[in-house]
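Structure record follows, encoded as structure tokens.
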Amino acid sequence: MSEKTLTEGSHKGAETQAGTAASNNHRWRILAVVALAQLMVVLDTTIVNIALPSAQADLGFSDGNRQWVVTAYALAFASLLLLGGRIADLFGRKTAFLIGIVGFAVASALGGAAQGFGMLVFARALQGAFGALLAPAALSILNTTFTDARERARAFSVYGAIAGAGGAVGLLLGGLLTDALDWRWTLYVNVGIAFIAFAAGWMLLSNHRDAGGSKLDVPGTVLVAGGLFSVVYGFSNAETHDWGSPLTWGFLIAGGAFLAAFAWWQTRAAHPLLPLRILLDRDRGASFLAVLISGGGMFGVFLFLTYYLQLNLGFSPTKTGVAFLPMVAALMVAAQVGTTVLVPRIGPKVIVPLGFVIAAIGMSWLAGIDTGSTYAGAVVTPLIIIGFGLGLVMPPTMQLATGGVAAEDAGVASASVNAMQQVGGSVGTALLNTLAASAASSFLVGKDATSKLVQAEATIESYTTAFWWSAGMFAVGAVITFLLFRRGVPQQDENAAPVVHM
């Protein structure tokens with residue numbers, strides 16, 4: 001080896017050590033940047049929901065087209081997540097993070113300035129695409145920045161709380177902006193958030209390509225993107241079409257075939273997009289399933305309770321958002337206690353199923369609402385219980401799902417967590433909407449459908465049916481995680497590749 005090569009290698013080593021030391025000194029500031037970016041991505045799944053009626057009146061699109069303002073974001077986000085995570089591993093997390101933030105901000109500004117339905121839907125899809133690059137980069141930065149077990153638990157308690165409560169924060173912020181300004185500001189607000197996150201990320205983060213020697217798995221990318229797109233699109237169509245429609249079952253079958261082909265290809269690819277070693281760890285597999293189930297069940301709270309508060313109790317958009325704050329507070333408290341105290345001492349086999357059981361109890365209680373119920377008497381206490389339960393589930397499982405992963409796989413592992421949450425939310429929304437609609441139709445059989453009281457009772461029946469099914473999802477989650485998680489406290493894998501600070 002030449003003297004020049006040795007000199008260059010020593011310089012690179014010194015630069016890496018300097019970057020590691022710098023990021024180590026700023027790790028809590030990095031957490032703030034990552035949390036801000038994650039909040040922007042998560043709240044955009046719900047912030048537009050409250051503004052939809054105003055946007056529809058302004059742009060003049062039909063009720064049938066309204067869902068695509070939400071679905072376009074979900075489709076692009078879910079189908080491109082694994083690609084976004086691998087790009088972060090291959091080309092550097094700082095690069096992926098900053099490009100994702102800029103792209104998300106530009107797409108948000110485009111949506112806010114939309115002059116027609118097509119432009120708005122295109123902007124939402126563009127948001128989802130850049131969100132798919134930003135979200136896994138943010139989580140993998142967090143995963144590789146915090147290596148001390150205690151500090152890592154604290155960091156993930158914050159991240160997990162934001163991931164769980166971001167939807168409720170979106171409802172609150174969406175209501176405030178729509179009432180005080182205009183529906184367009186539910187999109188414009190991202191520009192300000194992105195500016196802060198970009199400036200801080202540019203100064204605090206250093207770039208490192210942990211999988212720089214690998215290549216992008218193009219066939220795997222096409223297969224998994226097609227599979228996730230088809231699954232989310234199929235379930236989204238179930239909301240507006242019958243389950244017997246080819247647009248529903250056809251895409252679901254195609255999605256299953258694509259994903260099966262993807263799994264087969266990953267066993268043969270020289271540089272797999274999603275190395276199966278990430279999924280085959282027992283604790284990590286249990287964590288992925290927990291994120292999937294909690295994502296699906298949470299929509300029983302956000303979606304149908306929003307309807308109940310606004311349509312039945314007459315809450316304004318802002319008041320509806322405020323009504324979710326007790327749940328957010330309980331979730332954040334439980335997230336801190338669960339990740340920093342309970343799981344490190346007892347282990348996930350007890351704590352995560354316990355969280356699911358608590359959430360199921362709260363959801364069952366919420367299913368007791370009727371036409372005479374009030375927020376104070378029948379809603380706020382179950383909301384607090386649900387929030388506390390989910391706080392014991394989501395942050396610990398997100399931490400366990402990415403813990404012990406080799407540095408070169410951190411991005412794609414992080415993307416898998418986001419994909420599970422997104423697919424769970426899409427599947428949960430479709431299933432609960434279908435079940436709720438069927439319950440309302442069945443309730444009206446043999447009754448006077450023109451009576452306002454009967455209509456109100458049918459609406460309540462649809463809500464409570466969704467809540468009961470959400471409670472069932474959480475109960476299933478409790479059983480699955482209890483069976484799959486190993487006993488005891490998780491230990492770091494000493495044979496895992498060294499983690500590089502970002």
query = Given the structure, is residue 369 outside any helix (DSSP H, G or I) and aliphatic (A, V, I, L, M)?
reply = yes
message = Pull out all pairs, ordered by first then second residue, where Cβ-Cβ is under 7 Å, the residues are six or more apart or on different chains, the first lies in the stretch 438-452 and is within 28 Å of residue 243 (Cα to Cα), and the second is exposed (fewer than 10 other Cβ atoms within 10 Å of the Cβ).
response = none
query = Which residue, of 434, 459, 481, 464, is within 24 Å of residue 362 (Cβ to Cβ), under 21 Å from the mean Cα position of the chain (by Cα), among the hydroxyl-bearing types (Ser, Thr, Tyr) and at pLDDT 70 or above?
reply = 481
inquiry  = Looking at the structure I just gave you, is residue 274 open to solvent by less than 30 Å² (accessible area, probe 1.4 Å) and under 21 Å from the mean Cα position of the chain (by Cα)?
reply    = yes
message = Can you tell me which of (1) modelled with pLDDT of 85 or more; (2) open to solvent by less than 30 Å² (accessible area, probe 1.4 Å) is the one residue 119 doesn't meet?
response = (2)
inquiry  = Could you go through the stretch 127-134 and let me know if any residue there is at pLDDT 80 or above, within 18 Å of the chain's Cα centre (by Cα) and open to solvent by 30 Å² or more (accessible area, probe 1.4 Å).
reply    = yes
task = Select from the stretch 231-269 the residues that are among the aliphatic types (A, V, I, L, M) and either assigned to a helix (DSSP H, G or I) or modelled with pLDDT of 75 or more (or both) and list them in ascending order.
result = 231, 232, 247, 252, 253, 254, 257, 259, 260, 261, 263, 269
task = Of all residues in the stretch 443-491, count the ones that are touching an Asp or Glu at 6+ places or on another chain (Cβ under 7 Å) and open to solvent by 90 Å² or more (accessible area, probe 1.4 Å).
result = 1
ask   = How many of the residues in the stretch 299-347 are out of contact with any Phe, Trp or Tyr (no Cβ under 8 Å at 6 or more places or on another chain), of a type in the set (A, V, I, L, M) and open to solvent by 10 Å² or more (accessible area, probe 1.4 Å)?
value = 12
query = How do the helices (runs of 4 or more DSSP H) wholly within the stretch 1-62 filter down when requiring 1 or more residues that are surrounded by fewer than 20 Cβ atoms within 10 Å (Cβ to Cβ), touching a Ser or Thr at 6+ places or on another chain (Cβ under 6 Å) and at pLDDT below 50: which remain?
reply = 3-25
ask   = Do any helices (runs of 4 or more DSSP H) entirely within the stretch 281-351 hold 2 or more residues that are in contact with a Ser or Thr (Cβ under 7 Å, 6 or more places away or on another chain), and if so, which?
value = 282-307, 317-323, 325-337
inquiry  = Here is a list: 177, 181, 172. Which entry is at pLDDT below 85 and within 13 Å of residue 44 (Cβ to Cβ)?
reply    = 177
request  = State all residues of the stretch 306-328 that are at pLDDT 85 or above, aliphatic (A, V, I, L, M) and either closer than 30 Å to residue 485 by Cβ or in contact with a Gly (Cβ under 7 Å, 6 or more places away or on another chain) (or both); if no residue qualifies, say none.
outcome  = 327
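The values are calculated or read from the model by the stated rules, or taken from the named source; none is laboratory data. Because the structure is predicted, anything quoted here is derived from the model rather than measured. Because the Cβ atoms are built from the backbone with ideal geometry, glycine has one as well, and the counts that use them run over all protein chains shown. The area values use the complete protein model at the heavy-atom level, side chains included, leaving out ligands, DNA and RNA. Shrake-Rupley method; radii C 1.70, N 1.55, O 1.52, S 1.80 Å.
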